[in-house]
Amino acid sequence: QVQLVESGGGLVQPGGSLRLSCAASGSDFSIGAMNWYRQAPGKQRELVASITSGFSTNYVDSVKGRFTISRDNAKNAVYLQMNSLKPQDTAVYYCNADVLHVGTLMRRTYWGQGTQVTVSS
């Protein structure tokens with residue numbers, strides 16, 4: 001089993017910044033792509049940003065130029081730097097990882113528990 005634990009959410013004023021972190025723990029695994037999703041009240045969960053094990057990144061259009069995804073493979077961690085935040089960025093943010101269990105060669109997707117980001121004055 002692998003656990004993903006997120007941190008860094010909170011309340012911020014419009015135009016402010018937050019940095020989300022997500023760290024994976026467990027044993028005998030390797031991680032492929034890592035992603036950040038978000039879900040606002042009454043809306044479907046959407047993919048915000050993704051990063052491959054080779055550090056290629058992709059973003060939803062609404063956050064391009066404002067959010068930056070990064071990862072530290074040595075720490076099995078992924079980060080989301082969010083700048084110029086807007087009220088419409090308010091949501092629960094979830095990290096997600098594509099995990100290969102080395103012993104069994106089974107691949108599985110894991111989710112974090114979510115962290116609330118609220119952008120409001």
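Computed quantities for the displayed model
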| quantity | calculated |
| --- | --- |
| Residue check for Ser53: hydroxyl-bearing (Ser, Thr, Tyr), in a loop (DSSP other than H, G, I, E, B), without any contact (Cβ under 8 Å) to a residue 40 or more places away in the chain and on the phi < 0 side of the Ramachandran plot | yes |
| Residue under evaluation Ala33, criteria (1) free of Cβ contacts under 8 Å to residues at least 60 places away in the same chain; (2) open to solvent by less than 50 Å² (accessible area, probe 1.4 Å), criterion not met | (1) |
| Residue satisfying condition, being among the hydroxyl-bearing types (Ser, Thr, Tyr), open to solvent by 50 Å² or more (accessible area, probe 1.4 Å) and at pLDDT below 95, within set Ser53, Ser120 | Ser53 |
| Lone unmet requirement of (1) assigned to a strand (DSSP E or B); (2) in contact (Cβ under 8 Å) with a residue 12 or more places away in the chain; (3) surrounded by 13 or more Cβ atoms within 10 Å (Cβ to Cβ) for Asn58 | (2) |
| Cβ pairs under 6 Å, 6+ apart, first in the stretch 93-108 and assigned to a strand (DSSP E or B), second of a type in the set (Gly, Ala, Ser) | Tyr94/Gly112; Tyr94/Gly114; Cys95/Gly112; Ala97/Ala24; Asp98/Gly32; Asp98/Ala33; Leu100/Ser30 |
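The values are calculated or read from the model by the stated rules, or taken from the named source; none is laboratory data. Only a predicted model underlies this, so the values are computations on that prediction, with no experimental measurement involved. FYI the Cβ positions are ideal-geometry reconstructions off the backbone, even for glycines, and counts take in every protein chain you see. Side chains included, ligands, DNA and RNA excluded: accessible areas come from the protein's heavy atoms. Shrake-Rupley method; radii C 1.70, N 1.55, O 1.52, S 1.80 Å.
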